[in-house]
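Student: Please read through the structure below; I'll follow up with questions.
Any read-out appearing in this document is the output of simple, stated calculations on the displayed coordinates, not a laboratory observation. None of the values given here were measured: they were computed from a predicted structure. Here the Cβ positions follow ideal geometry from the backbone for every residue, glycine too, while neighbour counts run over all protein chains shown.
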Amino acid sequence: MSIRVSVLIALLSVLLVLAGLWVGANVDLLPLQASTNAPVYDELFQVLFSIGTMLFLGVLGLLIYTLVRFRRSSGDLGDGAATEGNLPLEIVWTAIPAVVVLFVGLYSYNIYERMGGMVPLSDHGAMHGMAVGEENGNAKVWAGIGAAPGLSPAVSVDVTAMQFAFIFRYPESNIVSGQLHVPEGQLVQLHMQANDVIHAFWVPQFRLKQDIIPGQPTVLAFTASRPGTYPIICAELCGLYHGAMHTSIVVHGRESYEQWLTENTPPPVTA
């Protein structure tokens, strides 16, 4: 390979990397960020989008070059030259994907850990401060993505998923609602369980999704960062009317949330 060709390949590689980085940093395909977890998740998306752009442009460019450079000449009816094996090329096209996959795996693990997804279900010490329930006389730990070991939530909500609705119960105030209401800037823990089949709690603007599995209570912890109303979607096929299983989460300012609690707390039951 001549020096000229080597320099050209190096220059094209640099341009390819720069193009991928620019696309990842400037092309935003995600909904707005409405939780403190969203920027962390978006870091991973940006990296994956940049890598995907580099691979797409590189493969497309190589394909177009091959089609033009090695096209059959007019009137040429013969077979092409027989070529067998190219060890340097085989090493390159094996090493590059291997490095990319290893990097993406390690980076994804780091992001998932930062979002609280790596707390093991059986690690009772790490789950200190999280909700513990009783089932058949045995303690059960609610664990899952977004868990915040050692932190006491400002708001705790029990979530029941069933065909085909979400029910939210606030233990401290006895409010039962079909719509989730939370305060801005405070830690919220959702203690979730399913009555029938597997469901999933997904809020795209929060960048959080947690499967809700019968017999396996889980917790999803988050801190909302932007007031507004956002969709809650069941992202797991759960039956005939799965597509209609959605509701919304309302993120209030502090005073607005307290007002909602006051207006919706049922009066005490008198004997």
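Student: What is the extension gain from LEU87 to ALA10, computed as 0.36 nm multiplied by their sequence separation minus the C-alpha to C-alpha distance, in nm to one decimal?
Tutor: Working: separation 77, 0.36 × 77 = 27.72 nm, distance 2.01 nm.
Roughly 25.7 nm would be gained on extension.
Student: Please report, in Å, the Rg and the Dmax of segment 135-264, where both are computed over Cα atoms only.
Tutor: Reported Rg and Dmax, both Å: 14.2, 41.
Student: Tell me which residues come under 5 Å, amide H to amide H, from ASN37 once H is placed; ignore anything under 5 positions away on its chain.
Tutor: Residues meeting the amide H criterion: THR223.
Student: Here's something else I'd like to know. Where in the chain are the DSSP H helices whose alpha-carbon span along the long axis reaches 15 Å or more and whose Kyte-Doolittle mean is at least -1.0?
Tutor: TM-like helix candidates: 3-26, 38-69, 87-114.
Student: First measure r as the distance between the Cβ atoms of VAL100 and LEU237, then evaluate 1/(1 + (r/R0)^6) with R0 = 22 Å and state the FRET efficiency to the nearest 0.05. Mind showing how you got there, number by number?
Tutor: Numbers: r = 31 Å, r/R0 = 1.42.
The value I calculate is 0.10.
Student: Residue-wise, which Karplus ³J(HN,Hα) couplings in Hz belong to segment 170-178, taking 6.51 cos²θ - 1.76 cosθ + 1.60, θ = phi - 60°, and x for glycine or proline?
Tutor: The phi angles translate into 9, x, 6, 10, 6, 7, 10, 9, x Hz.
Student: Highest first, please rank the peptides 3-14, 22-33, 206-217 by the mean number of other Cβ atoms sitting within 10 Å of their residues.
Tutor: Sorting 3-14, 22-33, 206-217 by mean packing, highest first, produces 206-217, 22-33, 3-14.
Student: If you plug each phi of segment 214-226 into the Karplus form 6.51 cos²θ - 1.76 cosθ + 1.60 with θ = phi - 60°, what whole-Hz ³J(HN,Hα) values come out, in order, with x for Gly and Pro?
Tutor: Working through the residues one at a time gives x, x, 9, x, 9, 10, 10, 10, 7, 10, 6, 10, 9 Hz.
Student: Quick one: 3J(HN,Hα) in Hz for segment 237-253, Karplus 6.51/-1.76/1.60 with θ = phi - 60°, rounded, Gly and Pro as x.
Tutor: So the Karplus estimates, Gly and Pro as x, are 4, 10, x, 4, 9, 3, x, 9, 8, 8, 8, 9, 10, 9, 9, 9, x Hz.
Student: For the ranges 103-113, 58-68, what's the packing order if you count other beta-carbon atoms within 10 Å of each residue, average per peptide, and put the highest first?
Tutor: The most tightly packed comes first, giving 103-113, 58-68.
Student: Separate question: Determine the distance separating the Cα centre of segment 209-271 from the Cα centre of segment 35-67; give it in Å without decimals.
Tutor: Cα centres, segment 209-271 to segment 35-67: 34 Å.
Student: Another question, then. List the chymotrypsin sites (Phe, Trp or Tyr not before Pro) within segment 210-271 that fall in a DSSP loop (any state other than H, G, I, E or B) and whose Cβ has at most 13 other Cβ atoms within 10 Å.
Tutor: Answer in residue order: TYR241.
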